[in-house]
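Structure, as C-alpha cells:
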Amino acid sequence: MSIALGIDESHKVSDWPPLQEQDICHVLKGFGLSPAAHRPIRWQSERPFSSAGIIRLNDGHEVFIKRHDYRLRPADSLTDEHRFIEHLLAEGLPVCAPLRDHQQLSTLIAGNGVFEVFPLLKGDDLYHTTRSWEPYHNIQHAASAGAMLARLHQASSHYHAPSRSPCLLTSCMEPLLQEDLGESLRHWVLTQPGLSAHLPANWLDELLPLITPFHQHFLSLRDCMTPLWGHGDWHGSNLTWHQDHVYGIFDFGMSNLSCAEFDLAVALERSFIRWIAPNSSQPIAYEQIEHFLEAYNHHCPRTAARNALVASLLPLCHITFALSEIAYYGYLLGDKAHADIAYHGYLLGHARWFHSSAGQGLLYALAPYA
C-alpha cells in the first residue's frame, strides 16, 4: 500500500457492488428503453463512490447508468445536480443531460439504489488509467482544461440556484464564509451523516491551527467573490478528449454553489500538486499551472484581488470534502483504515503541506503581492 497525504493507490476498485442485469432491465424499462438481449453490460466502472457502466440497448445505441446508495446521493440532491447540467447544455457546453422518464423525473429509486441514465458522452477517456492527483499529460491538455473551465464559469454565471441539498461528498465552501470557523465547521459536521462519530474528540484542536491563518486571509478578500455553481471536481479524469483538446465534461457529482475562485482552487489542488510524492524534487507542475491559468484568464480575466482569493482558498478548499470522506469511509463503508487516512493524510496532511516551503512557494507564485 502506497500512502502519501491521504492517497492510497491500492484503493482502485468501486466501493459498491457492480451493476447486475436485473438492475438495468428494471431501470431501462422506467425510462422507456430495452437492454440488448445478449450481454447488455458492455463495461463497468472501477471508480469508487458509485456503481456505473455502459449498457447496450436493443436498438444498437448505448447509455451510461449510474447507481448511488440512497444514503450518499438522495434523489433530491441528484435533481439539483441535473438542473445544473441541463443549464450548461442549454448554454452550449459539451455535457450530457440525464434522460427523463414519462413523469419527467431524472432519477429512479429501486431498493437502496438511486439510478440515473445518461447518453454516452463523445470523446476519448484518456485519463482512465492515470493515478489520482497526477498532473495533466501535457501542457496542451492543461491549457485546454483551463479554457473549458472558464467557459463553464461563464455559463454558470447565468445560473441562479441555492446550494444543493446537504449530502456527503460534494464540494462545499459554506462553512468557510463565517468569521468563527471553528463554530461553523462544528455546525456543518452535524449535516454530514455519521461524521461526528468518526472524528477524534480533539479534531478542531488539530485542524484549526493549520487552517486559521489561511482562513483569516480569505476573510480579508471575501468581498471580492461572486457566488456561482462550480463543477467541484475539475481534473483530467472528468473530461473526455479529442487529441489535445477537451471534448466533453462529465461527473458533476460534487458540483455545488461556491464561486469561480473556489472552483479554480479545487482544480489546482486536484491536478497540479503531486500528492503521491509531495516531498519529491518537483512536487508542483508549475509549467502546467501557467498554461492552465493563462488559458482560463484569456476567457475570464481576473484581477490581482481575485488571484489572491484563489491562493487564499487553495489550502482550504479540500477541508469539507476531506471531512465528508471520513464519514463516507467510516460510516457508510465501515472502513476505519481509510477513514483514518482521510483524516490524518488528507484533512490534516494537505493543510500541513501548505505550511511547507513548497506549499508557501506555490501560494506566493499564485499571488505574489497578496
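Laboratory data are not the source of any read-out in this text; all were calculated from the coordinates shown. This is a predicted model, so every value here is computed, not measured. Cβ: placed from backbone, ideal geometry, glycine included. Neighbour counts: every protein chain shown.
Compute the acute angle (0 to 90°) between the alpha-carbon long axis of helix 304-313 and the principal axis of greatest extent of the alpha-carbon atoms of the chain; round to the nearest 10°.
With both axes taken from Cα atoms, the answer is about 70 degrees.
By how many nm would the segment from HIS355 to ARG71 grow when fully extended, if each residue of separation counts as 0.36 nm and the alpha-carbon distance is taken off?
Difference between extended and current length: 98.7 nm.
Give me a comma-separated list of calculated 3J(HN,Hα) values for segment 65-80, in order, Karplus coefficients 6.51, -1.76, 1.60 applied at θ = phi - 60°, integers in Hz, x for any Gly or Pro.
10, 10, 10, 10, 5, 4, 6, 8, 9, x, 4, 5, 5, 5, 4, 4
If you build a Gaussian network model of the chain, linking Cα atoms that sit under 10 Å apart, which residue out of SER255, SER196, SER280 swings the most?
Highest fluctuation of the listed residues: SER280.
Quick one: pull the percentage of alpha-carbon pairs in segment 3-119 with a separation above 19 Å.
50 percent
Nearest 10 degrees, 0 to 90: what angle lies between the long axis of helix 357-366 and the longest principal axis of the chain (Cα atoms)?
With rounding to tens, the tilt is 80 degrees.
Give me the net charge of LEU362's neighbourhood, meaning all other residues with Cβ under 15 Å from the Cβ of LEU362; Lys, Arg count +1, Asp, Glu -1.
0
Output needed: percent of Cα pairs per 20 Å distance bin for the chain, bins running from 0 to the one holding the longest distance.
That works out to 29, 61, 10, 0, in percent per bin.
Please build a GNM for the chain, connecting alpha carbons under 10 Å apart, and tell me which residue among HIS68, HIS128, HIS298 fluctuates the most.
Per the Cα network of the chain with a 10 Å cutoff, HIS298 tops the list.
Could you work out how far helix 260-271 tilts from the main Cα principal axis of the chain, as a 0 to 90 degree angle to the nearest 10?
Once rounded, one gets 80 degrees.
Go ahead and set up a Gaussian network model of the chain, Cα springs under 10 Å, then flag whichever of VAL63, VAL117, VAL310 fluctuates most.
VAL63
Provide the net charge surrounding PRO227, with neighbours chosen by a C-beta distance below 13 Å and charges set as Lys +1, Arg +1, Asp -1, Glu -1.
With Lys, Arg at +1 and Asp, Glu at -1, the neighbours total -3.
Of LEU333, SER220, ALA367, which is farthest along the charge dipole of the chain in the positive direction, counting Lys and Arg as +1 and Asp and Glu as -1 at C-beta?
LEU333
Loop-only chymotrypsin sites (Phe, Trp or Tyr not before Pro) in segment 293-370, please: DSSP not H, G, I, E or B, and at most 16 other Cβ atoms within 10 Å.
Answer in residue order: TYR369.
Per 0.36 nm of contour for each residue apart, how much would the distance between ALA37 and GLU91 grow if the chain were fully extended, relative to their Cα-Cα spacing?
Extending this stretch completely gives an extra 15.7 nm.
Modelling each spin label as a point 7 Å along the Cα-to-Cβ direction, I'd like the GLN44/GLN140 distance in nm, to one decimal.
3.6 nm
Rank these for me by crowding, ASP76, ASP59, going from fewest to most other beta carbons within 10 Å.
By the 10 Å Cβ count, ascending, the order reads ASP59, ASP76.
With label points built 7 Å along Cα→Cβ from the Cα atoms of THR129 and HIS245, find their separation and express it in nm.
Computed distance between label sites THR129 and HIS245 equals 2.6 nm.
What distance in nm lies between label points placed 7 Å from Cα along the C-beta direction at ALA305 and GLN103?
Modelled inter-label distance: 4.8 nm.
Under 12 Å from a point 7 Å along the Cα-to-Cβ line of LEU219: which residues of segment 164-207 have their amide N that close?
176-184
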